[in-house]
Amino acid sequence: MRNIDRLYIDGAFVEPHGTERFPLVNPTNEEVLGHVVLADKQDAQRAIAAARKALPAFSRTTKAQRVAMLERLHAAVMARAEPLRDATIEEYGGPVSRASWVSQYAARAFLDAARTLEAYEFERRVGAATVVMEPVGVCVLITPWNSSAGSICSKLAMAIAAGCTSVVKPSEMSAIQTQIIAEAFHEADLPAGVINIINGRGDVVGTELSTHPDVARISFTGSTGTGKIIARQALDTIKRVSLALGGKSPTILLEDADFEKAVPAALNIAFQNNGQACIAGSRLLVPQQRLAQVVELAKAAVAAMKVGDPADPATTIGPLANRNQFDRVQGYISRGLMQGATLVAGGEGRPRGFERGYFVKPTVFANVSNDMAIAQEEIFGPVLCISTYRDEDEAVAIANDSSFGLHAYVFSSDVLHAQAIARRLEVGRVAINGMQHDPLAPFGGVKQSGVSREFGPFGLESFLEAKTVMVA
């Protein structure tokens, strides 16, 4: 049993003032792994005070000093890649292939930030003025349970590169992963107060962090509903807020795509991270005359997927993260059936042979109209909706007929053709013929998928303020 009963504040692991114990449950077998003691409002205030105290000295560190810190953080997290991978499997249910990638990605975020920092000019001439880019101040970094280590490290890396001090509030459901990361950060030996980490509930700790006057900036990744609450709470003190929110990402198969390759790829895009990914391509748009072919290819692709123990390298889809998520996804599958979508694969209930664990049948619906709940709302599980279009104008219209605008995917044998379609899509990022990721390119959404950008120079500048200096 793992019992996590310390917070990381002002360079030390300290006893929390809060006393609530939150159970940590293994989603594969529903057994309790341990408990985490949650922070309260007083703990949040203590963490903010530590970050505020550390800010003046840290904001004046040199570029070289911060690069060295980022490199130490990279080494410390890399040294814990295996236990972090294992915790992601056990605590979250992430398949081993993705859990291994995430542990490497989390560490790599610090090197990407270091390279971005080295190339960035903090002063520039604009007309007759000098513009100086300065750290925004104390930052709050709120991260989700579906990508805990990666989100913590990528946000924190840019905050440090900018010269900001931070309070990190991860999901309390990811406490084991958080503990491993916190131990790595401590070993990297940054000045006390630069990094502070507190587990706690959003309605208690999150509210205090979002409203406290000493916090200058909030970077949040999570649901659109929670993002709206944080934005409202931050308004009274005019905090800088960036929001990486939900998605209902379309995958468009153009007529000239290689369907034999594109359909299985689209299924993998939809079901990545057990379907619990804001960038999952959960809507598949195909030419009307190719629907029958797509349905048969989708059936074959799902049949080839293995649902099971996330520690097994052969597993494609593991369990969902928790009971609430399991019930939510089951509810959407039921709604899809009731609203008249055609079930191609999967359906309600657990897969055959699973009596315990939050396992869901990988599910595909066809004949999904854009007014159905499963086409418009983020399900956050392995559920794919197939819709048809008559021509490319209609494909673009269907793709854009969404309150979300985070990511999209386009498949075509002609890259220029795909790029022309990509430019018409109302999203923050488009991948062509695959599931590419560039950690230096900006990431974020439009519409209700978010505000601002992360990664690379765009992400760095979200932690900076421009000051204009003019001389008579």
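The values are calculated or read from the model by the stated rules, or taken from the named source; none is laboratory data. Keep in mind that what you see is a predicted model, and the values were worked out from it rather than measured. Neighbour counts are summed over all protein chains in view; Cβ atoms, including those assigned to glycine, are modelled from backbone coordinates with ideal geometry.
Quick look at the numbers
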| item | result |
| --- | --- |
| Any chance Ala397 is buried (at least 16 other Cβ atoms within 10 Å of the Cβ) and over 30 Å from Glu91 (Cα atoms) | no |
| Selection within segment 1-13 - out of contact with any Ser or Thr (no Cβ under 9 Å at 6 or more places or on another chain), of a type in the set (A, V, I, L, M, F, W, C) and over 15 Å from Lys53 (Cβ atoms) | Met1, Leu7, Phe13 |
| Test result for Lys306, in the same structural domain as Val383 (by TED's automatic domain parsing) and more than 25 Å from Leu425 (Cβ to Cβ) | yes |
| Residues of segment 316-335 satisfying the condition of being polar (S, T, N, Q) and either under 22 Å from the mean Cα position of the chain (by Cα) or over 18 Å from Glu355 (Cβ atoms) (or both) | Thr316, Asn322, Asn324, Gln325, Ser334 |
| Candidates Ala54, Ala75, Ala68, Ala50, filtered to the one that is farther than 29 Å from Pro310 by Cβ and surrounded by fewer than 17 Cβ atoms within 10 Å (Cβ to Cβ) | Ala68 |
| Unique residue being aliphatic (A, V, I, L, M), crowded, with 24+ Cβ neighbours inside 10 Å, at pLDDT 95 or above and not in a helix (DSSP H, G or I) when the list is Ala270, Ala280 | Ala280 |
| Residues of segment 332-363 classified as touching an Asp or Glu at 6+ places or on another chain (Cβ under 6 Å) and either part of a strand (DSSP E or B) or of a type in the set (A, V, I, L, M) (or both), total | 1 |
| Residues being more than 21 Å from Asp86 (Cα to Cα), out of contact with any helix residue (DSSP H, G or I) (no Cβ under 7 Å at 6 or more places or on another chain) and surrounded by 15 or more Cβ atoms within 10 Å (Cβ to Cβ) - total across segment 15-32 | 1 |
| Residue in segment 141-159 that is more than 19 Å from the chain's Cα centre (by Cα) and assigned by TED's automatic domain parsing to the domain that holds His35 present | no |
| Test: residue in segment 371-381 that is exposed (fewer than 15 other Cβ atoms within 10 Å of the Cβ), over 30 Å from Asp309 (Cβ atoms) and not hydrophobic (A, V, I, L, M, F, W, C) | yes |
| Number of the condition not met by Leu117 [criteria: (1) buried (at least 24 other Cβ atoms within 10 Å of the Cβ); (2) closer than 23 Å to Met78 by Cα] | (1) |
| Arg328 vs. criteria more than 25 Å from Asp393 (Cα to Cα), touching a residue at least 40 places away in the same chain (Cβ under 8 Å) and among the charged types (D, E, K, R) | yes |
| Residue among Arg423, Arg429, Arg390, Arg453 that alone is within 26 Å of Glu134 (Cβ to Cβ) and either charged (D, E, K, R) or surrounded by fewer than 24 Cβ atoms within 10 Å (Cβ to Cβ) (or both) | Arg453 |
| Every pair of residues 6+ apart whose Cβ atoms lie under 6 Å, when the first sits in segment 413-434 and is over 17 Å from Gly246 (Cα atoms) while the second is in a loop (DSSP other than H, G, I, E, B) and at pLDDT 95 or above | Ser413/Asp256; Asp414/Asp256; Ala418/Ser412 |
| Among residues of segment 400-420, those that are within 28 Å of Gly459 (Cβ to Cβ) and surrounded by fewer than 13 Cβ atoms within 10 Å (Cβ to Cβ), counted | 1 |
